[in-house]
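Asks: First the structure, which I've put down as structure tokens, then a few questions once you've had a look.
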């Protein structure tokens, strides 16, 4: 006899959740009543059908013509289900602010606010601001990170929920940046060279998605189809090669940050898979090649 995964009661007639695949009793059968990993998808469908629910305590769905009804309850408010787009918007706004600060106050002030310097690793605010900052000399840096986040992030967020997705992005990005700075110091690299970019966070998303759906078809440069697992392994191998040839910042790119973010995503992906999360479908991805921001010919501060 099966048991409810929420309250552990014996089930003679279990209810199977369509969003996470778990078995629950009648009291916990609705996604909002059992901490469902697919809660964002459920809420989106409710909104599309013109329905809202009264929160986890009610266990009921109602119909409303007004999206501002007092019964509407989302874990992240207006941002729930749209965290990927919110992160993209923040990246764009921060990039514009970089130019304002750069031209108004100069490079030193810009770097102190928006970049993580290994020799100033205790400037803890830069652990986060560097994740949303990008090269002011190369537009393709933010462009490719944004493209990858758009295609991978929207898919992963719909499946695991906005709260988990946001936590993965921020944790992966911060740990990747700190790992890059720490490795530079440990290996006697140039501690004064600033680090910036969202690639560590983006690769954490990519790593989790690879574990959940390894055979997902993606399109490199929008036209070359390949399974996601192959793209991920190729990307990791590429970074490992230039890490060995040029150290943590080989080719002007934060290789350690890339690999750290990817590792965090892979570990989290396995955790999600053990919880029964699975994915189906096909998406497109525009990738980066040797001539892009991750290429060996890059110049300037390591970009992540």
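Asks: Need one number: nm distance between label points at residue 222 and residue 267, each 7 Å from Cα along Cα→Cβ, rounded to one decimal.
Replies: Those two pseudo-labels are separated by 3.7 nm.
Asks: Okay, moving on. Roughly how compact is the stretch 81-274, stated as its Cα Rg over 2.2 N^0.38 Å to two decimals? List each step's numbers first, then the result.
Replies: Numbers: Rg = 16.1 Å, N = 194, 2.2 N^0.38 = 16.3 Å.
Its radius of gyration relative to the 2.2 N^0.38 Å reference: 0.99.
Asks: Residue 215 to residue 125: FRET efficiency via 1/(1 + (r/R0)^6), r the Cβ-Cβ distance, R0 51 Å, to the nearest 0.05? Could you put the intermediate results ahead of the total?
Replies: Values: r = 40 Å, r/R0 = 0.79.
So, using R0 = 51 Å, E works out to roughly 0.80.
Asks: Now for a different question. So how much slack lies between residue 90 and residue 27, counting 0.36 nm per residue of separation and subtracting their Cα-Cα distance, in nm?
Replies: Details: separation 63, 0.36 × 63 = 22.68 nm, distance 3.95 nm.
Between residue 90 and residue 27, full extension yields an extra 18.7 nm.
Asks: Starting from 0.36 nm per residue, how many nanometres of slack lie between residue 192 and residue 167 once their C-alpha separation is accounted for?
Replies: Working: separation 25, 0.36 × 25 = 9.00 nm, distance 2.93 nm.
Contour length minus Cα-Cα distance gives 6.1 nm.
Asks: Just to verify a number: FRET efficiency for residue 109 and residue 185, C-beta to C-beta distance, R0 = 22 Å, to 0.05?
Replies: On the way: r = 23 Å, r/R0 = 1.05.
Calculated transfer efficiency: 0.45.
Asks: Please give the FRET efficiency for residue 237 paired with residue 3, using the beta carbon to beta carbon distance and R0 = 41 Å, rounded to the nearest 0.05.
Replies: Details: r = 44 Å, r/R0 = 1.07.
Efficiency for this residue pair is about 0.40.
Asks: Measure out, as a whole number of angstrom, how far apart the alpha-carbon centroids of the stretch 117-158 and the stretch 1-40 sit.
Replies: Centre-to-centre distance over Cα atoms comes out at 37 Å.
Asks: What relative contact order, as a whole-number percentage, does the stretch 81-274 give when Cα pairs under 8 Å and 6 or more residues apart are counted? Don't jump to the answer; show the numbers that get you there.
Replies: On the way: 297 pairs, mean separation 46.3, N = 194.
24 percent.
Asks: Pairs of Cα atoms under 8 Å, at least six residues apart: use those to get the relative contact order of the stretch 161-224, whole percent.
Replies: Working: 33 pairs, mean separation 24.7, N = 64.
So the answer I get is 39 percent.
Asks: Restricting attention to the alpha-carbon atoms of the stretch 1-41, what are Rg (one decimal) and Dmax (integer), both in Å?
Replies: 9.3, 30
Every number in this text was worked out from the coordinates using simple rules, so none of it is lab data. Since the model is a prediction, treat every value here as computed from it, not as a measurement. As a convention, Cβ positions derive from the backbone with ideal geometry for all residues, glycine included, and neighbour counts pool all protein chains shown.
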